[in-house]
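Written below as structure tokens is the structure these notes are about.
Just so it is clear, none of the values below were taken in a lab; they were calculated from the coordinates. A quick note: this is a predicted structure, and the numbers were derived from the prediction, not measured. Here the Cβ is made from the backbone with ideal geometry for all residues, glycine too, and neighbour counts use every protein chain on show.
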Amino acid sequence: MKKICIIGGGNLGSSIAIGLAQNSASYSITVTGLKLEHVEHLKSYGINISTNNAEVVSGSEVVILCVQPGQVDRALKEIRDVLTPNHILSSTATGVSTEEMAKVLDKPGIPIVRVMPNTATAIRQSMTCISGRGASEEQLREIQDIFGAVGKTIVIEEELMQAATVLGASGIAFFLRYIRAATQGGIQMGFHPHEAKLIAVQTAIGAATLVSEFNDHPEMEIDKVTTPRGCTIEGLNEMEHQGLSSAVIKGIMASYHKINNIR
Ligand SMILES: NC(=O)c1ccc[n+]([C@@H]2O[C@H](COP(=O)([O-])OP(=O)(O)OC[C@H]3O[C@@H](n4cnc5c(N)ncnc54)[C@H](OP(=O)(O)O)[C@@H]3O)[C@@H](O)[C@H]2O)c1
């Protein structure tokens, strides 16, 4: 059984822990928080909780750092003395490079891996981008196995981590905003809110699954539902006249610009 500790049981740390806890035969999970009451809710999933980072790390094989970027230095200093080259240190912190973390640790030989999952880890549907520094292929595979248990994974160059954050982590919010808008359209056409949401959500799942399962271009699936002179192409073209694709690309690039200038 792999011993994993998650430092920081906030939104993401809790989602990862809950997702992994569904595979309780493979993982023993401990989540730490600044205050025990902040992570208390995780106990009902069979997750251990603590406020003592150093103690928990010394009893773990894999560390997943899930604190805010500005809290990374303090957390790393708390665990620096107990970290050994046998640990794999992974971090979800946005914009904090492996080089910066290695500098704070000031301890050679610690494999450091950056992971960028999203909150769908809780339902094991995350997209997790991974990049490593000083980590062997086997250690990277180990991290892929862990995050593979809560969704899909891809190993990328570290320079693409910011882009991965926008597309994969912020992407959750972007898709949800579409679902909200579609729900509002449904209500205006006469559905009750819960019916409109059900239809919008299941249709989004269906659309994403079609592209994922058939591994084809979205436009190929769009062609299948756009009858010439029909209502779908009428609606699609109106959305494009209003700037749908352009708004999405510009939004993604605005996020990307922001993330590159946050610190
Ligand atoms: N949310 C996402 O979708 C997402 C996706 C990808 C990456 N990320 C990145 O992942 C990191 C965590 O994000 P989040 O949304 O989970 O943030 P969050 O909700 O603010 O959670 C951070 C948690 O860390 C705890 N914490 C801070 N310092 C600690 C320490 N020294 N020891 C133990 N616990 C400590 C905080 O405890 P208290 O509650 O007691 O303050 C808080 O619960 C961030 O760097 C973020 O950029 C987030």
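For the stretch 80-88, the Karplus equation 6.51 cos²θ - 1.76 cosθ + 1.60, evaluated at θ = phi - 60°, returns couplings of 3, 5, 9, 6, 10, x, 7, 7, 10 Hz by residue, with Gly and Pro reported as x. Charges were assigned to the Cβ only: +1 to each Lys and Arg, -1 to each Asp and Glu. The resulting dipole of the stretch 2-156 about its Cα centre is roughly 200 debye. The phi torsions of the stretch 191-197, fed into the Karplus equation with coefficients 6.51, -1.76 and 1.60 and a -60° offset, translate into couplings of 7, 5, x, 5, 5, 4, 5 Hz, rounded to whole numbers, with Gly and Pro shown as x.
Note on the stretch 114-220: the alpha carbon radius of gyration divided by the globular reference 2.2 N^0.38 Å gives 1.30. A simple rule links phi to the HN-Hα coupling: the Karplus curve 6.51 cos²θ - 1.76 cosθ + 1.60 with θ = phi - 60°, which for the stretch 5-18 gives 10, 10, 8, x, x, x, 4, 6, x, 5, 4, 5, 4, 5 Hz, with x for Gly and Pro. Relative contact order for the stretch 165-259: 23 percent, from Cα pairs under 8 Å spaced at least 6 residues apart, divided by residue count. Only lysine pairs 8 or more places apart or on separate chains count here, and in the chain those with Cα atoms under 15 Å apart total 4. Normalised by the number of residues in the stretch 91-191, the mean separation of alpha-carbon contacts (under 8 Å, six or more apart) gives a relative contact order of 26 percent. For the chain, the relative contact order works out to 13 percent when only alpha carbon pairs closer than 8 Å and six or more residues apart are counted.
Would you kindly give the portion of the calculated P(r) for the stretch 115-157 that falls above 14 Å, as a percent of all Cα pairs? Of all Cα-Cα pairs in the stretch 115-157, 39 percent lie more than 14 Å apart. Shape analysis of the chain yields a ratio of the Cα radius of gyration to the Kirkwood radius, Rg/Rh, of 1.03.
If you place +1 on the Cβ of every Lys and Arg, -1 on the Cβ of every Asp and Glu, and leave all else neutral, what size is the dipole of the stretch 165-259 about its Cα centre, to the nearest 20 Debye?
Working: 7 positive and 9 negative charges, 93 e Å.
Dipole magnitude for the stretch 165-259 comes out near 440 debye.
I'm a student and want to see the number: the projected area of the Cα convex hull of the stretch 165-259, averaged over all directions, in nm².
So the mean shadow area of the Cα hull is 7.1 nm².
Ordering 196-202, 219-225 by mean Cβ neighbour count within 10 Å, with the highest value first, yields 196-202, 219-225.
Kindly provide the Kirkwood hydrodynamic radius of the stretch 1-76 in Å, to one decimal, from all pairs of distinct alpha carbon atoms. Result for the stretch 1-76, one decimal place: 12.0 Å. Under 5 Å between amide hydrogens, built in the peptide plane, is the criterion, and for I156 it picks out I130, S131 among residues at least 5 positions away or on other chains. In whole percents, the pair-distance distribution calculated for the stretch 2-156 from its alpha-carbon pairs, binned every 10 Å from zero, is 12, 47, 37, 4.
A dipole drawn for the stretch 114-263 from +1 and -1 charges on Cβ atoms has a positive end, and of I222, Q188, I143 the residue lying farthest that way is Q188.
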